[in-house]
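Notes follow the structure.
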Amino acid sequence: MALVEVRGVVKKFGDTTVLDGIDFDVEEHQVVCLIGASGSGKSTLLRCINGLEATQEGTVTVVGRKVIQDDIKLNRLRRDVGIVFQAYNLFPHMTVLENVMLAPVKVLHLSKSEAKTRARELLARIGMADKADEYPDRLSGGQQQRVAIVRALAMQPKLMLLDEITSALDPELVNEVLLMMIELAEQGMTMVVATHEMGFARDVAHKVCFLHSGRIIEEGHPKKIFTTPTHERTSEFLRRTLESGQM
Amino acid sequence: MTTGVDGGPGREAGPLNHGIKERSNQDRARSLRAHGLSISVVALVVLGTIFSIFAALGSEFNFIGWFCLALPLGMLALIYARRAEERVVDVDGPAADEQRSRQARRLAVTGITLASIYTFVLLVWSSWSGFVDVANTFFSWENISSSFPLVLEGFKLNIAVFIVAEFCVLIWALVIVVMRQLPGRAAAPLRWLAIIYVDVFRGLPAIVTIYLVVFGLPLTDLPIISDIENVNFVVWGIQIDQLFILGVIALTLVYGAYVAEVYRSGIESVHWSQSAAARGLGLSEGQTLRHVVMPQAVRRVIPPLMNDFIGLQKDTALLNVAGVLEGFNVARIYAGNNFNLSSVMGLGICFLVITIPMTRLTDYLVKRDQNRMQANS
């Protein structure tokens, strides 16, 4: 069974339909990239997968659990699903170490020393051991985003949702975060990635889904999508991103 | 007095068409400066002299009248001077402008200082006997010093009430604000209760609440209230009795409503993405509030919280309506017996000695906290 199963999901904000009947699957160890213009529903889809947004129709199943709006069930589900946001959303009143330790201590009930060891280990792996006691606002955007990824990884999730995590970064900082994403993919982490980084989608993804006004209008292997797109809108979108030099 | 208004021969002549514009600017600046100066002179010297003559003749033309005439003229003079300065800035190079504006500023500061001193001296001179009365009524050293030990004894009670009530308010307001934030339909009655409480106790005058609580509650047969009737013990020289406890309850009810609203504004100022991140990590609603939202909210509302605590500290004096022998009551009685208000001034100084350093300390702590967390600040 697939790790994530999305079936006929419809999501509306008031009168606007943001997701209009989405079906898709993510297998274990697979990297799936969601591409498409801003406002096509990529972020909303990710937020529906871990229940941060309630859906109006359809079902989402993650790691064998149905996503329903019930706090206890959602909290349990979210232990297995890490999410990283475009704006990092680190907790500004906690040090880097405390940011990474919070959820393991409060949700997984690890002891403080255990959580600290785990956090330091993860920070060391991304070369940020010396920043453990800094506050987030004193770090660069790239560093903050890498800490945000580590914060999610500290929960040892089965699935990572990455919501345009390089979009808010200065161009010279994008690479350090992309490298970390590639490394994660190589370690076999299952990931759903909403992104504008077409290079990453082409080289790393196992599957690419192109979203347009709330529907997946084309999906498949990146080689196929990027070289011989069948849908007119896909080729137009790719041509435009190519022109703006994002590939 | 015409410092630097004319550009002088040292000024580089620009292209011809600019030269004309600069010339007219300069003339305009000079005339504006002259206007400003002449009006200042009228305001400060002429009116002052007229006033002095009137005062010397013992007329009723008093300070207020002089002030009303001088103030608008003085402001007009300042506006003209400022405009003149702006014109001058257009004319010459940066270095000359810099020096000129420094001169203008110095001139303005000197002028304003001299005018203030002049006004003050005139005021004191013309109403010397009044000042002696003021000094005797409010600042009689003899009165302050003889009443001070008693007042201070009473003021200790104000401090005690304040400390206990502040502690209660912080907790009680937190209970109210959490009640108000409870999610779900089941919690609706609790939310409504919290809203009604805040509306009522924020709307009632503090003195009314105190009166009703202190005199009303003992008349009821409520279980806990009738138990505290016999409370009577002394901690650090402060007598804790029924009156003390009722006073704390009343102040907690009043200030709990204010502080709950302060907390709420803090909670609402924390961006929802912070909650999203916390919930995304699997933290429950309560854990998110406790570990992520509240710590940030409280940091942000420390200045308004401080406001309410200074208010609370001052309002401990309202307990005198209930006959509590706190500082104000003591000072008031002393003042009544001696036909002199200096004892109350002594109490006022006691309050200031506590509140002002407290405000400065909080400002310092907030600043330090911010420096720790933010880059380049």
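The values are calculated or read from the model by the stated rules, or taken from the named source; none is laboratory data. This structure is a prediction, so every number in the text was calculated from the model and none was measured. Cβ coordinates were reconstructed from backbone atoms using ideal geometry, including for glycine residues, and neighbour counts include every protein chain displayed. The area values use the complete protein model at the heavy-atom level, side chains included, leaving out ligands, DNA and RNA. Shrake-Rupley method; radii C 1.70, N 1.55, O 1.52, S 1.80 Å.
For the reader, a short list of remarks on this structure follows.
- Taking amide H positions as modeled 1.01 Å from N, with prolines and chain starts lacking one, the residues under 5 Å from A:V31 and 5 or more places away or on another chain are A:M191, A:H206, A:K207.
- Among the GluC sites (Glu not before Pro) in segment A:1-79, those placed in a DSSP loop whose Cβ has at most 16 other Cβ atoms within 10 Å are A:E27, A:E28.
- Between helix A:171-186 and chain A: long-axis angle, C-alpha atoms, 0 to 90°, nearest 10: 90 degrees
- Inter-centroid distance (Cα atoms) of segment B:284-360 relative to segment B:150-169, Å: 9 Å
- Here's how it looks for B:I240: its modeled amide H is under 5 Å from those of B:F233, B:V234, B:V235, which are all 5 or more places away or on a different chain.
- Shielding of A:73-85 by partner chains, average beta-carbon count, 10 Å: 3
- Per-residue HN-Hα couplings for segment B:323-335 [Karplus 6.51, -1.76, 1.60; θ = phi - 60°; Hz; x = Gly/Pro]: x, 5, 8, 8, x, 5, 4, 4, 4, 5, 4, 4, 4
- For segment B:141-373, the Cα gyration tensor yields ellipsoid semi-axes of 37, 24, 14 Å (square root of five times each eigenvalue, largest first, whole Å).
- Inter-chain shielding of B:270-277 (mean C-beta neighbours from other protein chains, 10 Å cut-off): 5
- Pairs of Cα atoms nearer than 8 Å and 6+ residues apart set the relative contact order; for chain A it is 26 percent.
- Charge tally around A:E197: other residues with Cβ under 12 Å, Lys/Arg +1 each, Asp/Glu -1 each, net -1.
- Most mobile listed residue (A:V204, A:V107, A:V26) in chain A, GNM with C-alpha springs under 10 Å: A:V107
- Excluding ligands, DNA and RNA, the accessible surface per residue across segment A:118-247 is 46 Å² with a 1.4 Å probe.
- In sequence order, calculated HN-Hα J values of segment B:235-243 (Karplus, 6.51, -1.76, 1.60; Hz; x Gly/Pro): 10, 6, x, 9, 7, 9, 9, 4, 4
- Net length gained if the chain between A:A37 and A:Q69 were fully extended (0.36 nm per residue, minus Cα distance): 8.7 nm
- Cα-Cα over 24 Å, subset of A:K66/A:K112; A:K12/A:K42; A:K12/A:K207; A:K106/A:K207; A:K106/A:K131: A:K66/A:K112; A:K12/A:K207; A:K106/A:K207
- Accessible area buried between chains B and A, both sides summed, probe 1.4 Å, in Å² to nearest 100: 2200 Å²
- Evaluating 6.51 cos²θ - 1.76 cosθ + 1.60 at θ = phi - 60° for every residue in segment A:152-163, the Karplus couplings come out as 5, 5, 4, 7, 6, x, 8, 9, 10, 10, 10, 9 Hz, glycine and proline recorded as x.
- Taking max minus min of the alpha-carbon positions on each principal axis, segment A:145-190 gives extents of 30, 19, 15 Å, largest first.
- Of the chymotrypsin sites (Phe, Trp or Tyr not before Pro) found in segment B:258-360, the ones in coil according to DSSP and having at most 12 other Cβ atoms within 10 Å of their Cβ are B:F339.
- Under 5 Å between amide hydrogens, built in the peptide plane, is the criterion, and for A:E53 it picks out A:C48 among residues at least 5 positions away or on other chains.
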